[in-house]
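To start, the structure itself, in C-alpha cells.
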Amino acid sequence: MNKYLKPALVMFFAATAVSIAAPDKAAIMDKEKSAWQAFKDKKVDDFKKVVDKDIRCVYGEGISNLAKELSDMQKWDIKSFTIADFDSFSDEKDVVVTTYTVKVEGTFDGKDASGTYNAGTVWKEEKGKWLAIFHTNMKQEAAK
C-alpha cells in the first residue's frame with residue numbers, strides 16, 4: 001500500500017503547486033495588453049476589470065490613482081502601442097512584477113507624447129482575479 005501512496009501524494013502536491021502558482025509569462029503579458037488596449041480604446045469598464053480600485057501609479061509628472069487614470073484616459077489619443085522586452089517574475093503565488101518597454105504613438109492633451117517608455121506593473125491576485133495594483137512608466141531619454 002505504501003508504494004502506491006507515495007506516488008499518489010507526490011502527484012497530488014505537484015498538481016496543487018501548479019494550480020496555486022502565479023500565472024505564466026504569456027498570461028500576465030495578456031493582462032498588460034488588455035490594460036493598454038482598454039486605456040487606448042477608452043473603455044472604462046474593461047480597464048476596471050484589470051486594475052484594482054486602489055491602484056497607484058507613479059509618473060514623471062506625478063502620482064496617480066484610479067480616478068486620475070480615468071480622467072487622463074480621456075486626454076490621451078493613443079493611435080498605437082507595441083509592448084517589447086517583456087519580462088515577469090514572482091516570489092509569491094499571488095504577486096507578479098512585470099517590466100517592459102512600450103512604444104506609443106499618440107498625443108496627451110493635444111501634445112505629441114509619442115515615444116518609447118520603460119514600464120513596470122505589480123499584479124496581485126484577489127478573489128481569483130489578477131489585478132494591477134501599481135504601475136509606472138517613463139519616457140526613455142536619448143542616449144547622451
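The values are calculated or read from the model by the stated rules, or taken from the named source; none is laboratory data. All of these numbers come straight from a predicted model, not from anything done at the bench. Here the Cβ positions follow ideal geometry from the backbone for every residue, glycine too, while neighbour counts run over all protein chains shown. Just the protein is used for accessible areas: all its heavy atoms, side chains included, with ligands, DNA and RNA removed. Shrake-Rupley method; radii C 1.70, N 1.55, O 1.52, S 1.80 Å.
Within the range 90-113, if we keep just the residues that are of a type in the set (Gly, Ala, Ser) and surrounded by 15 or more Cβ atoms within 10 Å (Cβ to Cβ), the residue that is farthest from Met73 (Cα to Cα) turns out to be Ser90. Considering only the range 113-135, I want to know if a residue exists there that is touching a residue at least 24 places away in the same chain (Cβ under 8 Å), of a type in the set (A, V, I, L, M) and not in a strand (DSSP E or B). Yes, that holds for at least one residue.
Scanning the range 51-89 for residues that are of a type in the set (S, T, N, Q) and either open to solvent by less than 20 Å² (accessible area, probe 1.4 Å) or within 17 Å of the chain's Cα centre (by Cα) (or both) yields a count of 4. The listed residues are Lys68, Lys49, and the only one of them that is touching a helix residue (DSSP H, G or I) at 6+ places or on another chain (Cβ under 8 Å), among the basic types (Lys, Arg) and not in a strand (DSSP E or B) turns out to be Lys49. The residue that is farthest from Lys33 (Cα to Cα), counting only those in the range 59-90 that are touching a Cys at 6+ places or on another chain (Cβ under 9 Å) and free of Cβ contacts under 8 Å to residues at least 12 places away in the same chain, is Ile63. Taken over the range 76-96, the criterion of being touching a Lys or Arg at 6+ places or on another chain (Cβ under 9 Å) and among the hydroxyl-bearing types (Ser, Thr, Tyr) is satisfied by Ser80, Thr82, Ser88.
Here Met11, Met29 are screened, and the one residue that is at negative phi, hydrophobic (A, V, I, L, M, F, W, C), open to solvent by 40 Å² or more (accessible area, probe 1.4 Å) and at pLDDT 95 or above is Met29.
Within the range 90-112, the set of residues being acidic (Asp, Glu) and either within 17 Å of the chain's Cα centre (by Cα) or not in a strand (DSSP E or B) (or both) comprises Asp91, Glu92, Asp94, Asp109.
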